[in-house]
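The values are calculated or read from the model by the stated rules, or taken from the named source; none is laboratory data. What you see is a predicted model; the values in this text were computed from it and never measured. As a convention, Cβ positions derive from the backbone with ideal geometry for all residues, glycine included, and neighbour counts pool all protein chains shown. Ligands, DNA and RNA are excluded from the accessible area calculation, which covers all protein heavy atoms including side chains. Shrake-Rupley method; radii C 1.70, N 1.55, O 1.52, S 1.80 Å.
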Amino acid sequence: MRIAIAGGHGKIALILQKLLSDAGHEAVGLIRNPEQAGDLLVAGGIPVVLDLEQVSAETLAADLAGVDAVVFAAGAGPDSGAARKLTVDRDAAVLLADAAVIAGIRRYVMISAMSADSFEPDSDDVFQVYLRAKSEADSAVRQRDLDWTIIRPGALTDDPGTGLVHLAESTGRGSIPRADVAALVYCSLVDGVGLHAQFEAIEGDDPVAEALTMARY
């Protein structure tokens, strides 16, 4: 498979690129900063430099020619303001979905956020705007003619992955290693499971593949 990953320099994205590359797949990492290309190459990824805040859906669709699936792993980052939560975490995710539709790519995996739908609609607090951006992006992806999977992980850690998770519509508070989120994305793509499923994910007792096969939220 050839997989395009928006936010290709993120920690989860780099782990995912290594998983895909090690298994013989092609991982295309979409990055804005060309200085990050070397890190993608080390992980086994293929860097493509473009700015999701500046490109059109039609142009992005052309860049996605030959791609079998897309992953949205981008984010404005913890030091960004409310405006970029909307332009990156929401608008760029929707742009990727629109580009996928234009390019005839059906498979879309979204890395979202736990409790995204609980945002306070009238709040201008940056975190509340972030949750709103994630919720609205998820909704937009669900409305498109795509084979989507929406993963809403708990607090992310850099602990080694265990391969064991708990998935549910609402898991309650918890954490999960980034490596296990990457494993969820990898398994959903390669095994074709978790289609049209949206779920929260924290560490647990269920093997990743088994948990995804049962995911129907």
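At-a-glance table
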item	result
Karplus 3J(HN,Hα) series, Hz, for the stretch 105-121 with 6.51 cos²θ - 1.76 cosθ + 1.60 (x for Gly, Pro)	9, 8, 8, 9, 10, 10, 9, 9, 8, 4, 6, 4, 7, 8, 5, 8, x
Percent accessible area from carbon and sulfur atoms, the chain, protein chains only, probe 1.4 Å	50
GNM result for the chain, Cα springs below 10 Å: residue of P177, P153, P207 fluctuating most strongly	P207
Nearest-0.05 FRET efficiency for M214 and L41, computed from C-beta distance (R0 35 Å)	0.45
Rounded to the nearest 20 debye, dipole of the stretch 1-73 from Cβ charges on Lys, Arg, Asp, Glu	200
Anchor K134: lysines whose Cα lies under 21 Å away (excluding residues fewer than 8 positions away in-chain)	K11, K85
GNM result for the chain, Cα springs below 10 Å: residue of I102, I46, I111 fluctuating most strongly	I102
Alpha carbon centroid spacing (whole Å) that separates the stretch 62-110 from the stretch 177-217	20
³J(HN,Hα), Karplus 6.51/-1.76/1.60, whole Hz, each residue of the stretch 175-190, x for Gly, Pro	10, 7, x, 4, 4, 6, 5, 4, 5, 4, 5, 4, 5, 5, 6, 6
Most positive-pole-ward Cα, G154, Y186, S118, against dipole of the chain from beta carbon charges	Y186
Per residue accessible area in Å² of the chain, where ligands, DNA and RNA are left out and the probe is 1.4 Å	44
